[in-house]
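K.L.:
So that we are looking at the same thing, I have put the structure below in structure tokens.
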Amino acid sequence: MIVQTKDQVTTLRESQQRFFKDHYRSYQAREQALLTLKEAIITYEDSIYSALRADLGKSDVEILTTEVAFVIQEINETLKHLLHWMQPKRVRGSLLTFPSSNKIHYEPFGSVLIIAPWNYPFQLLIAPAIGAIAAGNSVVLKPSEFAPKTAQVIEAMIEDFFPESQLAVVQGEIKETTWLLEEPFDYIFFTGSPKVGSIVMAQAAKHLTPVTLELGGKSPCIVDETAPLQATAKRILFGKTVNAGQTCIAPDYLVVHESIKDKLVDALRVELTAMYGTHYNQGYGKIIHQGHYNRLEGLLEGCKVLISGPRDAKKRTFPLHVVEAPKKNHPIHHEEIFGPILPIYTYKTKSDIEHLVSQEANPLALYIFSQNQAFRDDLAKSIPAGGVCINDTILHIVNPYLPFGGRGRSGHGAYHGATSFLTFSHQKSVMTRSFHFDVDQKYPPYSPKIFNAIKHLLMK
Ligand code: NAD
């Protein structure tokens with residue numbers, strides 16, 4: 001919906017909270033909502049493809065694997081396990097609570113606000129919504145204004161299949177998002193930049209609304225001298241060129257053992273040509289808008305380019321540019337690149353790697369290519385990161401059994417699969433005590449003897 005006033009946003013949020021109260025979210029209701037969402041996606045499939053082609057020039061295979069099938073898989077996986085996830089979980093009691101039965105109940109929060117960025121504009125809005133619906137919440141979706149065709153299709157699709165009070169789409173830019181953030185939603189799930197993430201968190205703090213922040217940053221990709229070059233080159237390129245590099249977990253920069261740097265650059269050149277030809281006219285996406293294109297061109301200033309291809313500002317085609325790590329103070333060292341530019345740093349020792357990656361603490365993803373298990377285990381343990389993928393890139397996001405999320409500046413909280421269900425559920429502790437047995441000494445007045453007895457029991 002297009003909102004003209006803040007009051008409209010308030011009315012929507014209130015209707016969602018009423019809907020949530022009036023409809024206890026039974027398993028059947030949640031299952032039905034997920035099946036309806038699946039039907040809606042399949043009904044609108046062709047329009048979703050057209051919109052993603054128009055907004056980002058994505059290829060059909062990319063749209064299928066990273067957007068449409070990705071969320072269908074998430075729905076299927078959720079439907080398979082939801083009944084089990086919803087069951088109250090029995091846990092042990094403790095000495096002081098004996099005898100008692102103890103359970104964790106999974107309770108929906110209420111009305112959830114989900115805000116998405118433009119780079120995977122379908123997946124990043126719908127995948128969290130699946131978790132929110134599965135957990136029994138009503139949901140307001142705010143798509144990115146920079147992928148307008150996709151935002152329109154999502155709105156039409158949701159309006160066609162759901163009442164607004166259950167699932168609604170609010171279009172808008174900063175003004176409308178600010179109106180949404182001023183409302184006391186029961187949970188906010190935000191995907192986007194660290195800069196806007198901190199605005200979201202500050203707004204949420206006003207109502208003490210819990211938040212998940214899925215943010216970005218610079219994800220390093222470390223390659224040692226034992227990595228097989230051809231396979232490594234292919235896998236790096238896959239993660240760096242999908243969606244023309246506009247992926248939050250794309251390898252942001254390479255850190256390569258100095259002895260193999262030239263050979264790896266050669267392998268990257270060969271594999272890149274094999275994937276996209278010399279003209280990039282097959283299956284390669286475009287840059288989202290002119291401002292982003294210009295920012296990427298600006299980042300190339302002062303860089304020695306090792307591999308490149310023909311850029312086209314009109315079509316916003318920007319081939320992958322592999323560049324030497326530029327001089328100190330260049331913005332490439334600290335800005336998230338978020339596009340098809342791949343700087344290469346070299347290292348001699350492990351401490352060189354640690355020094356480089358510590359410049360940007362807590363990356364969203366860490367990639368290590370190596371056949372030396374001790375080396376990769378050591379790095380995977382010692383470098384804090386949202387997630388790690390060894391000997392490949394970006395694939396860890398696909399496994400619904402792995403929580404996906406960042407830490408520190410790359411975000412907090414996680415989702416996918418069972419983790420989504422937990423993210424959008426309050427874990428309510430329910431203890432039931434029995435009347436059959438009690439220890440009178442635990443009630444006042446207390447004797448010194450009881451103090452010593454408790455101390456003996458608890459302070460071991
Ligand atoms: P963004 O932060 O600019 O925008 C995200 C959303 O916030 C949009 O819906 C936008 O309308 C809204 N927004 C923008 N400015 C706002 C403001 N001042 N107040 C309130 N709302 C505002 O991000 P983007 O440019 O759309 O996406 C790029 C960023 O997202 C990158 O940093 C990338 O790494 C990150 N990202 C993270 C993930 C992840 O899963 N962790 C996935 C994709 C993208």
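The values are calculated or read from the model by the stated rules, or taken from the named source; none is laboratory data. Everything numeric here is computed off the predicted structure, so don't read it as measured data. So basically every Cβ, Gly included, is an ideal-geometry build from the backbone, and we count neighbours across all protein chains shown.
K.L.:
Just a yes or no: is a residue in segment 207-225 in a helix (DSSP H, G or I), within 16 Å of the ligand (Cβ to nearest atom) and surrounded by fewer than 20 Cβ atoms within 10 Å (Cβ to Cβ)?
P.N.:
To start, the set of residues in segment 207-225 that are in a helix (DSSP H, G or I) comprises 207.
Going one step further and asking which of them are within 16 Å of the ligand (Cβ to nearest atom), we end up with 207.
Those left that are additionally surrounded by fewer than 20 Cβ atoms within 10 Å (Cβ to Cβ): 207.
Yes, the conditions are met somewhere in segment 207-225.
K.L.:
Then there is this: Being more than 11 Å from the ligand (Cβ to nearest atom) and not in a helix (DSSP H, G or I) is the filter here; which residues of segment 226-252 pass it?
P.N.:
THR226, ALA227, PRO228, PRO251
K.L.:
Just wondering, is there one or more residues in segment 61-73 that are of a type in the set (A, V, I, L, M, F, W, C) and touching a Gly at 6+ places or on another chain (Cβ under 9 Å)? Please lay out each step first, then the result.
P.N.:
Pass one, segment 61-73, residues of a type in the set (A, V, I, L, M, F, W, C): 61, 63-64, 68-72.
Filter again for touching a Gly at 6+ places or on another chain (Cβ under 9 Å), leaving 61.
Within segment 61-73, one or more residues are of a type in the set (A, V, I, L, M, F, W, C) and touching a Gly at 6+ places or on another chain (Cβ under 9 Å).
K.L.:
Here's a follow-up. Considering only residues that are outside any helix (DSSP H, G or I) and more than 14 Å from ALA151 (Cβ to Cβ), which ones fall in segment 168-190?
P.N.:
As a first pass, look at segment 168-190 and keep what is outside any helix (DSSP H, G or I): 168-173, 183-190.
Correct list: GLU183, PRO184, PHE185, ASP186, TYR187, ILE188, PHE189, PHE190.
K.L.:
Okay, moving on. Return yes when GLU182 is away from the ligand (no atom under 14 Å from the Cβ) and either modelled with pLDDT of 95 or more or of a type in the set (Val, Ile, Thr) (or both) and no when it is not. Show your work before the answer.
P.N.:
Values: away from the ligand (no atom under 14 Å from the Cβ): no; either modelled with pLDDT of 95 or more or of a type in the set (Val, Ile, Thr) (or both): yes.
So GLU182 fails the test.
K.L.:
With the condition being within 18 Å of THR150 (Cα to Cα), I'd like the helices (runs of 4 or more DSSP H) fully within segment 1-107 carrying at least 1 qualifying residues.
P.N.:
On the way: elements: 6-22, 27-43, 45-56, 60-63, 69-86.
Counting at least 1 such residues, we get 27-43, 45-56, 60-63, 69-86.
K.L.:
Give segment 135-151 a look and list any residue that's more than 15 Å from the ligand (Cβ to nearest atom) and part of a loop (DSSP other than H, G, I, E, B), or say none.
P.N.:
Once the filter is applied, which keeps residues that are more than 15 Å from the ligand (Cβ to nearest atom) and part of a loop (DSSP other than H, G, I, E, B), segment 135-151 yields ALA135, GLY136, ASN137.
K.L.:
Further question: Are any residues in segment 333-358 free of Cβ contacts under 8 Å to residues at least 40 places away in the same chain and of a type outside the set (Asp, Glu), and if so, which ones?
P.N.:
Result: HIS333, THR349, LYS350, SER351, HIS355, SER358.
K.L.:
On to the next question. When the residues of segment 185-198 are filtered to those that are near the ligand (Cβ under 6 Å from one of its atoms) and either in contact with a Cys (Cβ under 7 Å, 6 or more places away or on another chain) or among the hydroxyl-bearing types (Ser, Thr, Tyr) (or both), which remaining residue is nearest to SER425 (Cα to Cα)?
P.N.:
Residues of segment 185-198 near the ligand (Cβ under 6 Å from one of its atoms): 191-193, 196.
Okay, now just the ones that are also either in contact with a Cys (Cβ under 7 Å, 6 or more places away or on another chain) or among the hydroxyl-bearing types (Ser, Thr, Tyr) (or both), so 191, 193.
On the way: THR191: 19, SER193: 25 Å.
Here the residue is THR191.
K.L.:
Say we look at segment 111-131 and pick out the residues that are outside any helix (DSSP H, G or I) and among the hydrophobic types (A, V, I, L, M, F, W, C); which of these is surrounded by the fewest Cβ atoms within 10 Å (Cβ to Cβ)? Don't jump to the end; show me each part of the working.
P.N.:
Taking segment 111-131 and keeping what is outside any helix (DSSP H, G or I), we get 111-122.
After this cut, where a residue has to be among the hydrophobic types (A, V, I, L, M, F, W, C) as well, the list is 112-116, 118, 122.
Numbers: VAL112: 29, LEU113: 26, ILE114: 27, ILE115: 25, ALA116: 28, TRP118: 21, PHE122: 28.
Among them, the one singled out is TRP118.
K.L.:
Still on this structure, please answer the following. If ASP224 meets every condition in (1) outside the structural domain of THR346 (by TED's automatic domain parsing); (2) in contact with a strand residue (DSSP E or B) (Cβ under 8 Å, 6 or more places away or on another chain) apart from one, which number is that one?
P.N.:
Only one criterion in (1) outside the structural domain of THR346 (by TED's automatic domain parsing); (2) in contact with a strand residue (DSSP E or B) (Cβ under 8 Å, 6 or more places away or on another chain) is unmet by ASP224, namely (1).
Okay, residues lined up against (1) among the polar types (S, T, N, Q); (2) touching a residue at least 60 places away in the same chain (Cβ under 8 Å); (3) within 29 Å of LEU79 (Cα to Cα); (4) outside the structural domain of PHE109 (by TED's automatic domain parsing):
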| site | (1), (2), (3), (4) |
| --- | --- |
| ARG13 | no, yes, yes, no |
| ARG18 | no, yes, yes, no |
| ARG25 | no, yes, yes, no |
| LEU34 | no, yes, yes, no |
| ILE41 | no, yes, yes, no |
| ASP46 | no, no, yes, no |
| LEU56 | no, yes, no, no |
| SER59 | yes, yes, yes, no |
| GLU62 | no, yes, yes, no |
